[in-house]
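So the structure is just underneath, and the comments pick up after that.
The values are calculated or read from the model by the stated rules, or taken from the named source; none is laboratory data. Since the model is a prediction, treat every value here as computed from it, not as a measurement. Cβ placement follows ideal geometry from the backbone for every residue including glycine, while neighbour counts extend to all protein chains displayed.
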Amino acid sequence: MSDVLKEVLAANETYAESFGEKSALTIPPARRFAVLTCMDARLDPAKFAGLAEGDAHVIRNAGGRASDDAIRSLVISYKLLGTKEWFVIHHTDCGMETFTNETIRGLLENSLETAQLTEQGWKDVGQGPGSRAARYIEFLTFNNLEQSVVDDVERIRNHPLVPHEIPIYGYIYDVRSGRLIEVPEATRVGSAAATAHV
Ligand SMILES: [Zn+2]
């Protein structure tokens, strides 16, 4: 058994020992909101946004992007589970700004092993073989952080399955300070009144 596996199971044992009233929680989030954010290990939405178990939906992927799958989760979050406000939260120093589709496709064609970030950018150091299957994946990278928040809020706002009364807030989490910084243009685009339904 790997060290990580042992540690995770031990931590879970401790957690379950004091699980208490959490066993009575129901499926719909008590505080009726959802957060779409990046999978970056430095971000802990429960801590930076003050969440307890049962409070809110947290949907995470690389970059916190409004991918089809993120939208699938948000639609379920509202339609079946009644959330009323949504946050899109990207962050400073996001890895998604360090490469493009071309970059990662090239690295993967070379090998499947973990690449290295050098002064000259990403470099593949694996033995191979790689695969060209990444040609079919849109990695949703970005090179303008604020714009990426605006784009994702806009994409969600304009989705035909998203009701116009849900406000969508756009924020950037600063990994140096732990603070959430509003992207006013994103919040404007995401406001409940800003929709132009077709
Ligand atoms: Zn990130």
- prompt: Failed condition for Ser131, given (1) in a loop (DSSP other than H, G, I, E, B); (2) outside the structural domain of Ser177 (by TED's automatic domain parsing); (3) within 16 Å of the ligand (Cβ to nearest atom), with all others met?
  reply: (3)
- request: Among the residues of region 141-174, count how many are part of a helix (DSSP H, G or I) and among the acidic types (Asp, Glu).
  value: 4
- prompt: Which of the residues that make up region 78-100 are more than 26 Å from Ala115 (Cβ to Cβ) and either within 16 Å of the ligand (Cβ to nearest atom) or surrounded by 23 or more Cβ atoms within 10 Å (Cβ to Cβ) (or both)?
  reply: Trp86, Phe87, Val88, Ile89
query: In region 143-181, what residues are buried (at least 20 other Cβ atoms within 10 Å of the Cβ) and without any contact (Cβ under 8 Å) to a residue 12 or more places away in the chain?
result: none
message: For region 81-98, give me the residue count where each residue is closer than 18 Å to Ala62 by Cα and among the acidic types (Asp, Glu).
response: 2
query: Within the set of pairs 6 or more residues apart or between chains, which connect a residue that is more than 15 Å from Ala62 (Cβ to Cβ) inside region 23-46 to a residue that is modelled with pLDDT of 95 or more and within 13 Å of the ligand (Cβ to nearest atom) with Cβ atoms less than 7 Å apart?
result: Val35/Pro45; Val35/Ile89; Pro45/Thr37
- request: Tell me, please, whether a residue that is touching a Lys or Arg at 6+ places or on another chain (Cβ under 9 Å), part of a helix (DSSP H, G or I) and within 16 Å of the ligand (Cβ to nearest atom) can be found in region 53-69.
  value: no
field: Residue list for region 101-125, restricted to those being within 16 Å of the ligand (Cβ to nearest atom) and among the aliphatic types (A, V, I, L, M)
entry: Ile104, Leu117
